[in-house]
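Before any comments, here is the structure.
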Amino acid sequence: MIFLFFCLISSFTTERLTFNNEAEWVPSIVVDDASKIHIAYRYPDQIRYITDKTGSWVIDSIMVSASLVSIAVTPAGTPHLAFEASDGDDEIYYATKVGAAWDIDTITNNAISSRCPSIALTPDSIPHIIYYDFEGGLSLRHADKEIGTWSTEVIPGTSIATYSSIAIDNNGGVHVAVVCGTYGGNREIVYANDTSGSWVSTGVTGDALDDDFPSIAVDNNGYAHISYEKDDGADWELWYAENTTGSFVAQQLTNNVGMQDGGYSSIAIDGNGDAHIAYHEDHLVGDLIYLTNRSGSWETDTIFASFSNKTYSWVDRNICIDKLGFVHACFCNQLGGSGSQELYHAVRDEAVGIESPSFYASSDEQCIYLQWSVNLDDACLNSVITRKSHFENGNFIEVARIPHSSSSPTPKTYSYRDKDVNPGMRYYYKLGIMD
């Protein structure tokens, strides 16, 4: 009898995108329906955009004297950016690429600073932007181009607002998470949406602790999922809240004494409603960490180990999931403790949007028989089987690549017989869904 053990393991592959010996900052990432990557970031005091849409990485410069930026993209790959720039006061700008040129609109133009924009698109690609300004004492504002020109409004129930994040559901409903209140036990995450036709807001946390840096995503059923950090009086920890039961349920995800976890977290939701979160361990000192609950419990992986260097990402959308189910992240890493911070892209080696709910194995004297099923099958994908034996210390070696036969919304079963095995040997297998 042949003994065997199988497992599904994945990790992130990183790619350095810039080599400027300058300070890249606060990147934001999205992918289009063709799984092409679009990233906006600050370099060092201008907004830049980089994409692999043409098959190689191409960089555009958009505006100088700018800082925080957020990006969204249409299914066909047209980028839409919201960013903060200074003309003496901080103003909010919007940019989209029309042909080879950038079309730039001014959203605010006053003597009052406006900051920290976040952008999302409706299913018909209409941009919506939220930001806060100092008019009336830190109000959260919403701007959209639904009627062809920009209109703005204050979102009620969001006074003393600062950091915020926006998401739009499949019906075009706008969902917002924002920090409201002052430091000292009064900063709370507030959630607001306009799905009923008018704005409704509610507190998410409501305790005597300080909350900060929310990131919001919406699942296919229109429920909100929010990651954020909380000061428990001794340390900052990462928290997660969702309202799939009709009201928000929050849970603490980290508990590292003496560390400030959860800084600048970002959340994405896959097609099954599972959460995927990227966050900084010990704020900007430690590693960039990935968390997901897709197995039914929270699992962790390291996106990038910064060691003694600093790794920078931004709360607004530094993680996303493409149409094939692969998780992408972006960040800037400080090289060698110097002032140089370069831009990186990371992708997880295992697809999450296309689930493999079963992976079975049996054996006899001649072979090992593997069988698995795939939800939401896609004919452009492959099931990749890798293997190593109990006595091998090296990497897993690919032994089979099975093309998927059709695109189907229902589960489909695949199998493979591994005949290149020896009796009495224990084998380890990994299953990956790849394009």
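The values are calculated or read from the model by the stated rules, or taken from the named source; none is laboratory data. Bear in mind the structure is a predicted one, so any value in this text is a computation, not a measurement. Reconstructed Cβ throughout: ideal geometry from the backbone, glycine too, with neighbour counts over all protein chains shown.
Conditions tested, residue by residue: (1) aromatic (Phe, Trp, Tyr); (2) modelled with pLDDT of 85 or more; (3) over 23 Å from residue 343 (Cα atoms); (4) in contact with a Cys (Cβ under 6 Å, 6 or more places away or on another chain).
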site: 230; (1), (2), (3), (4): no, yes, yes, no
site: 259; (1), (2), (3), (4): no, no, yes, no
site: 262; (1), (2), (3), (4): no, no, no, no
site: 270; (1), (2), (3), (4): no, yes, yes, no
site: 276; (1), (2), (3), (4): no, yes, no, no
site: 281; (1), (2), (3), (4): no, no, no, no
site: 286; (1), (2), (3), (4): no, no, no, no
site: 306; (1), (2), (3), (4): no, no, no, no
site: 311; (1), (2), (3), (4): no, no, no, no
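Go through 250, 241, 278 for me and flag whichever is assigned to a strand (DSSP E or B), touching a His at 6+ places or on another chain (Cβ under 9 Å) and either assigned by TED's automatic domain parsing to the domain that holds residue 166 or surrounded by 18 or more Cβ atoms within 10 Å (Cβ to Cβ) (or both).
Of 250, 241, 278, the one residue that is assigned to a strand (DSSP E or B), touching a His at 6+ places or on another chain (Cβ under 9 Å) and either assigned by TED's automatic domain parsing to the domain that holds residue 166 or surrounded by 18 or more Cβ atoms within 10 Å (Cβ to Cβ) (or both) is 241.
Can you tell me which residues in region 84-125 are under 17 Å from residue 74 (Cα atoms), touching a strand residue (DSSP E or B) at 6+ places or on another chain (Cβ under 9 Å) and of a type in the set (Asp, Glu)?
Once the filter is applied, which keeps residues that are under 17 Å from residue 74 (Cα atoms), touching a strand residue (DSSP E or B) at 6+ places or on another chain (Cβ under 9 Å) and of a type in the set (Asp, Glu), region 84-125 yields only 103.
Only one of 356, 340 is at pLDDT below 85, surrounded by fewer than 24 Cβ atoms within 10 Å (Cβ to Cβ) and touching a Phe, Trp or Tyr at 6+ places or on another chain (Cβ under 6 Å); which?
356
Mind checking which residues of region 108-126 are crowded, with 24+ Cβ neighbours inside 10 Å and either outside the structural domain of residue 268 (by TED's automatic domain parsing) or under 15 Å from residue 175 (Cβ atoms) (or both)?
Hits for region 108-126 are 118, 119, 120.
Restricting region 8-47 to residues that are of a type in the set (Phe, Trp, Tyr) and in contact with a Lys or Arg (Cβ under 7 Å, 6 or more places away or on another chain), which is nearest to residue 121 (Cα to Cα)?
The residue in question is 41.
Residue 230 versus (1) more than 16 Å from the chain's Cα centre (by Cα); (2) of a type in the set (D, E, K, R); (3) in a loop (DSSP other than H, G, I, E, B): which is the lone unmet condition?
Only one criterion is unmet by residue 230, namely (3).
Do we have residue 28 as in contact (Cβ under 8 Å) with a residue 60 or more places away in the chain and part of a strand (DSSP E or B) here?
When the stated conditions are applied, residue 28 passes them.
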